[in-house]
Every structure is written in structure tokens, then in C-alpha cells.
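Taken together, the values in this text are just the output of simple stated rules run on the coordinates, not laboratory data. In this text, all values refer to a predicted model and were calculated from it rather than measured experimentally. All Cβ positions, glycine included, derive from the backbone under ideal geometry; neighbour counts span all protein chains shown.
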Number of protein chains: 2
Amino acid sequence: MTTTEDRLDTVALQRLSLNTATTKYWTLQQAIDGAVRAGIPALGVWRDRVAEVGTDRAARMIQDAGLRVSSLCRGGFLTAADPAEQHKALADNRAAIAEAAALGTDSLIMVVGGLPDGDRDIVGARHRVADRIADLVPHAIEHGVRLVLEPLHPMYCADRAVLSTLGQALDLAAPHPAGAVGVVVDTFHVWWDPTLAEQIARAGRENRLAAYQVCDWNLPIAADALLSRGMMGDGHIDFDTIGGWVRDAGYTGDIEVEIFNADIWAADGDLVLATMAGRFVDLVLPAAEPTR
Amino acid sequence: MTTTEDRLDTVALQRLSLNTATTKYWTLQQAIDGAVRAGIPALGVWRDRVAEVGTDRAARMIQDAGLRVSSLCRGGFLTAADPAEQHKALADNRAAIAEAAALGTDSLIMVVGGLPDGDRDIVGARHRVADRIADLVPHAIEHGVRLVLEPLHPMYCADRAVLSTLGQALDLAAPHPAGAVGVVVDTFHVWWDPTLAEQIARAGRENRLAAYQVCDWNLPIAADALLSRGMMGDGHIDFDTIGGWVRDAGYTGDIEVEIFNADIWAADGDLVLATMAGRFVDLVLPAAEPTR
């Protein structure tokens, strides 16, 4: 029996998507079941969770549960200087594009990669990223999938992504059709950027704002810096202001919660989803609502 | 007796400055003596080292040793919303300006401060920094001291500095005379910035490039993120490229080595200075030389 409260919750959660990295130790089936129990209608899916059952079966499982896929995480790692490595990276990204299409999402999140081992030429690495994106665009268009460039926090510049700001992502996207290359605003990565308001507005004008991902910036930075992402409300990010900029840029799509955090991973998954849904409704959704 | 090799070294080191944070456990006198032994002609001095003997005596000690002061570290912490806190911060910065003048340096490095406790309004914090800089400029001009704005790495945005990029620093400086407000390029903080080449050139054009500080970006990020700074050559920064941009912007001043790093602090100070001088000559100086 569905109560009024349940129905209200479902309406409030209609734009919420659970990124499977938030519940790292759940299998795809567990993530699907957890999302359904929590009234969350969408999943952002990592490729390891897809690989665990195969793409076609993953697509069926998600569809059968009545969920949609907000994005596939992730393609990228395009900075190699070695031709054999470049070839491998392109093959892997083409496979990811096909996977995204098979899963019914048009968004493939792209983490472009850091400096190759022992290489300090960041300018050169950025040029190679631009070249590899150009290589991939025809394949993306063919599959109806958008390469969604993700600027990562500058603390990951050496080892994860030489793409560090939204403005840089939009410049990188500029030579390509807006339907083929978009950008994602992930609050953790870009909240500090003094040009954020202006670049989010630009992303809207240029029709490239493809995804909005949220989590908080907690301090201290975790011993493993990758695990510093926090639950919304636990850190220093002003979701109201950033959410308003995203809304004003015309974004009305899914809002993914993607949290890498050892404490959250160790907690009970259903409790994590309940907290996440509550924080989403209290802190993230109000500013992001177009009707506000 | 001075050998030819010693004299060559002294020439090679003429732009090198030891920031006292690099030898954290040395007193001011020890830092002076160490710099003299190593043939390093300048010190970047932290205020705690000055306070330990008093400003006038510190100035005399440094001058008597034949050294110059490349900068005083540091003023700033200007983000308070509370009027009493603002008043305290201004008083402290006025004292720092007077100290810089007494020490014979025209450069007061400014770390602007992070978000006040529990405050998430980064846009408001940045406006307050701009207002406080404006409050301090007349005092700086009166003392012949330049407020040298330091963009800090975005990973310190919440707790240390809401000033994160060189472009933002130049925008913040723009309303004021170039002689009163400058900027510092610290490789650790800005190496990742995709607009770095363009903003260093702009700093040169606008006559605001007041200081060049070097150290490396090491991974993993240290458990205490403040201590992640590495010896040049140990990390991922391309000093040749950045040094060339700084040279092309017309900078010919001192180059300070400022390293916060627990391992380096625990090492023998004379060995640290020898390594530092060697890495400076090999990795930093060649690109920074105007005659190159």
C-alpha cells in the first residue's frame, strides 16, 4: 500500500540518480534493488558493475526494475603519448560508447587522464586529449552518445585528469557538435572555481550542460585523496548557489549523487540511500527546481 | 679560500632565495648562517622567525650577514564577516606592512583566507577580501610595500584561500596601482591551471608579477595536505615551461624556494640547502634566465 508520504517522496526524488560508486560494495543487482526500495528512479552506472553481468543483461535488469540510466562512468584516459597505448585507449572508449548506447543512456562521462609516467609536459598531454576526443566524436555521433567531459579537481591533475576547469572543458568541446560533446558539473571538482557562475551559464548557452553530479567537499582531505568526497551537507559546498546557477543555465536533467568515501562505503547501503535522499531533498533540489 | 667553483656557484645562485619555511626548525640566525654557508644571497622570511628576535634586530641580523629579504610571509586572512574580526585582521596586516618595510623588502605575501567557520558563501567571502585589500592599499603605499596576492591551490579553498587562480588574483589587484598590489606565481599552487601561460603574460603586461616561488607537486598528497610541497625535480611540475613563461613576462627578481614537507624538515638543513641549490641550478634557473 502506498501512502501519501511515499508518493510525495517519489515526486521529490524524480531527478535523483544513484551513482553506483556511492554504494561501492553493492553489485549491480543490489544497487538496482536498493534504488527501487528508496524510490530513486535512476542509476549512474560504472562500467565494472556492467561488466559483472554483461551489457545486455545489465540493460535488461535496469529496465525491468523500471529504472533509467543517467550516465555511464566512464570513458577517457586519453593522454598517452605512445601510439600503441593511444590505440588501446581509443578501442576501450569505443567499447564504452557502445555500452552507453546499449544501456539507453546518451551520457558517457569522460575522465581524460593525467600525465603519463615520468612525463611533465602538461601542455602536450592536453593537446593529445583534444586529438583523441576528435578521434572519438564520429563514433559517438554514430551511436547517439555524448562524450561528457568532466573537469576534475586540480588536485587530481597529475594522476587523473589534465582537464581541471569547466571553462577548459567547454573550450575542448567547442570544435564539436553540442550533441556529441558535453560537460558535467560535479560540485566536488568545481565548487572552488572563481569563474564557475560564468562558465555554467556558458555551458547552458552552448547547449553542453549534460549532467549535474553532487557531493560535498569535506576536510581534512582523505589519506587517499580520491576518497575525500562527502555527503551533501557534511562539508563546505554551497549547493543552493551552485544549484541555482545550474537551474538558470536551463538544466532540468538527472542529478547524480556520486560519493567516494570509505566511511560511507562501510555503512549500511539502505541507510546511505535514505540519508542521500533526505539531503537531496533538503539541500540540492530546492535551488535546482525550475519552478522555484 | 674561494675556489673558481665556489665563485661560479655564487653567480648561479644570485637569484635564489631561501624561504624560512623550507628549514622550518631553524631559527632566524640558523637560517641566516645556513644561507651564507650555502652561498644563497636572499631570504624569504616568515613572521614567526621575525617575531622571535623582534623586527629591528631581525633586519640588522639579515643585513649584517650581507643577505637581502626577498619577501615577508605573510599577511592576509581577510575573509571574516564579523566586524571585530575584520578589525583585528586589518590591524595585523598593517603591522605586517610595517614589518616588511623595516626588513627592507617591498613584498608582503598575502594568503587571503578561507571560508569562515560554518560559512559556505564563497562569493561573499571573495567580496570581503576585495574590500579588505582596498582598506589596506593606502597603508601599503605609505610604507612602500606591495601586497602580493597569492593564489593558493584549489584544495586549500575552504580553509586557507578563496583566491585560487592567477587570473582571479589579477582581477582582484586590478582596481589598485600596480606598485601597491602585485601577484606571486608559486608553481605548486598554479602549475595545473590551463590559463597559466596567458595569465603569467598578463601579470607581466600589467606590471604585477612581484614574486616567483618554486617547489614541486608530489604525489601522493601528504596526510597533512599543507605538507605536500616537494623539492624541485621530485614531482610532476615542468619548471622549464613555467620558468620560460615567467621569464617572457619580464620577471628578473628573486626566486624563492618554499617547501613545506615533513621529510625535508627532518633532514639536515645544510644538506637540504645543497640539494635545493643544485636543483635550482639544474631545473629552475635555465628557463628563468633572461639571457637564455
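A few comments on the model shown:
- Placing one equal scatterer on every Cα of the range B:41-114 and applying the Debye formula, the log10 ratio I(q)/I(0) at q = 0.12, 0.24 Å⁻¹ is -0.34, -1.02.
- Subtracting the Cα-Cα distance of B:A84 and B:A197 from 0.36 nm times their residue separation leaves 36.7 nm of extension gain.
- In degrees, nearest ten, helix A:83-103 long axis to first principal axis of chain A (Cα): 30 degrees
- Candidates B:L147, B:Q213, B:L227 compared by Cα position along the dipole of chain B: farthest toward the positive end lies B:L147, with charges placed on Cβ.
- For chain A, the longest principal axis of the Cα atoms and the long axis of helix A:55-64 meet at an angle of about 30 degrees.
- Mean-position separation - Cα centroids, the range A:194-236 and the range A:126-157, in angstrom: 19 Å
- Positive minus negative residues near A:G54 (Lys, Arg vs Asp, Glu; Cβ under 15 Å): -1
- Each Cα pair under 8 Å and six or more residues apart adds its separation to the average, and for the range B:165-264 the resulting relative contact order is 29 percent.
- Here, chain B yields an orientationally averaged convex hull projection of 14.9 nm² when only Cα atoms define the hull.
- Point-to-point label distance, B:E289-B:A65, nm (Cα→Cβ direction, 7 Å offset): 2.8 nm
- Kirkwood hydrodynamic radius over Cα pairs of the range A:110-193, then Stokes diffusion coefficient at 4 °C and 1.567 mPa s, in µm²/s: 100 µm²/s
- In the range A:1-134, Rg over Rh equals 1.10, where Rg is the alpha-carbon radius of gyration and Rh the Kirkwood radius from pairwise Cα distances.
- Alpha-carbon Debye profile of the range B:153-265, log10 I(q)/I(0) at 0.10 Å⁻¹: -0.29
- Simple spin-label estimate for A:A91 and A:L271 in nanometres, 7 Å along Cα-Cβ: 4.5 nm
- Overall shape: oblate for the range A:79-222, with the ratio a/c of the largest to smallest alpha carbon gyration tensor axis at 1.5 or above and b/c at least equal to a/b.
- Theoretical FRET efficiency, 1/(1+(r/R0)^6), r = Cβ-Cβ of B:D171 and A:Q14, R0 25 Å, to 0.05: 0.05
- If you plug the beta carbon distance of A:D131 and B:D135 into 1/(1 + (r/R0)^6) with R0 = 45 Å, you get a FRET efficiency near 0.40.
- Each residue of the range A:220-232 was assigned a 3J(HN,Hα) from its phi angle through the Karplus expression (A = 6.51, B = -1.76, C = 1.60, θ = phi - 60°), giving x, 4, 5, 3, 8, 4, 5, 9, 7, 5, x, 5, 3 Hz with x at Gly and Pro.
- Position A:D224, label points 7 Å along Cα→Cβ, spacing to each other copy in nm (shortest first, one decimal): 2.5
- Environment charge at B:E258 (Cβ cut-off 15 Å; Lys +1, Arg +1, Asp -1, Glu -1): +1
- Counting only other chain Cβ atoms within 10 Å of each residue's Cβ, the peptide A:154-167 averages 5.
- Residues in the range A:274-281 carry Karplus couplings, in order, of 5, 4, 4, 5, x, 5, 4, 5 Hz; the curve used is 6.51 cos²θ - 1.76 cosθ + 1.60 with θ = phi - 60°, and Gly or Pro positions show x.
- For A:T195, no residue has an amide H sitting under 5 Å from its own, ignoring neighbours fewer than 5 places away on the same chain, with H placed 1.01 Å from N.
- Formal net charge of residues neighbouring B:A89 (Cβ-Cβ distance under 13 Å; K, R +1; D, E -1): 0
- Rounded to the nearest 20, the Cβ-based charge dipole of the range B:127-275 about its Cα centre (Lys and Arg +1, Asp and Glu -1) stands at 540 debye.
- The protein assembly as shown: equivalent-ellipsoid semi-axes (sqrt of 5 x gyration tensor eigenvalues, Cα, Å): 47, 26, 20
- Amide hydrogen neighbours beyond the local backbone of A:S17, cut-off 5 Å, H modeled: A:I255, A:E256, A:V257
- Inter-chain shielding of B:115-121 (mean C-beta neighbours from other protein chains, 10 Å cut-off): 3
- The mean sequence distance of close C-alpha pairs (under 8 Å, at least 6 residues apart), as a share of the length of chain A, puts its relative contact order at 18 percent.
- Nearest-first distances (nm) between copies at B:D64, label 7 Å from Cα via Cβ: 8.6
- Here the ratio of the Cα radius of gyration of the range A:95-136 to 2.2 N^0.38 Å is 1.46.
- Rounded to whole Hz, the Karplus (6.51, -1.76, 1.60) HN-Hα couplings of the range B:188-205, x for glycine and proline: 4, 7, 10, 4, 7, 6, x, 9, 4, 4, 5, 6, 5, 4, 4, 4, x, 4
- Eligible lysines near B:K24 by straight Cα distance, threshold 29 Å, same-chain separation 8 or greater: B:K88
- Across the copies of the chain, A:A178 has label points (7 Å from Cα along Cα→Cβ) spaced 4.0 nm apart, shortest distance listed first.
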